[in-house]
Amino acid sequence: MAYEIAIAALGDPTRRAILEALRARPLPVAALAAELPVSRPAVSQHLKVMCAAGLLTCTPSGARRIYAIDPAALAELRDWLDRLWDDALTSFADAARAQARRSGDPA
């Protein structure tokens, strides 16, 4: 997964609302559009972006397409964010220790 693409896709509030709606269960476009203040074609465009970013799966079911969160993709994104957070915390701790040494505090 390209993290930049997934993060960019989630930067849009409508896409985050779609992700929230799909947390409970997979849904077709019509059901998603009924829950959102945007048109069905707009929801379809948002879903297309989210699928291209690897965040969702799309399964044909007769004439409908059922969209669902791809748990593996979200796990990958979370792992990346966790590593990013861990690195930031380590850098912060290192900076705090260096500052404490400079000021003579026994940290």
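Here, each number is a calculation from the coordinates, and none is a lab measurement. For clarity, every value in this text was computed on a predicted model and none was experimentally measured. Because the Cβ atoms are built from the backbone with ideal geometry, glycine has one as well, and the counts that use them run over all protein chains shown.
Here are the numbers:
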{"quantity": "Every residue from the range 76-97 that is among the small types (Gly, Ala, Ser) and surrounded by 11 or more Cβ atoms within 10 Å (Cβ to Cβ)", "calculated": "Ala93, Ala96"}
{"quantity": "Hey, Ala30 over 26 Å from Glu76 (Cβ atoms), free of Cβ contacts under 8 Å to residues at least 12 places away in the same chain and of a type in the set (A, V, I, L, M) or not", "calculated": "no"}
{"quantity": "Residue satisfying all of: in the range 58-74; in contact (Cβ under 8 Å) with a residue 24 or more places away in the chain and in a strand (DSSP E or B); surrounded by the most Cβ atoms within 10 Å (Cβ to Cβ) among these", "calculated": "Tyr67"}
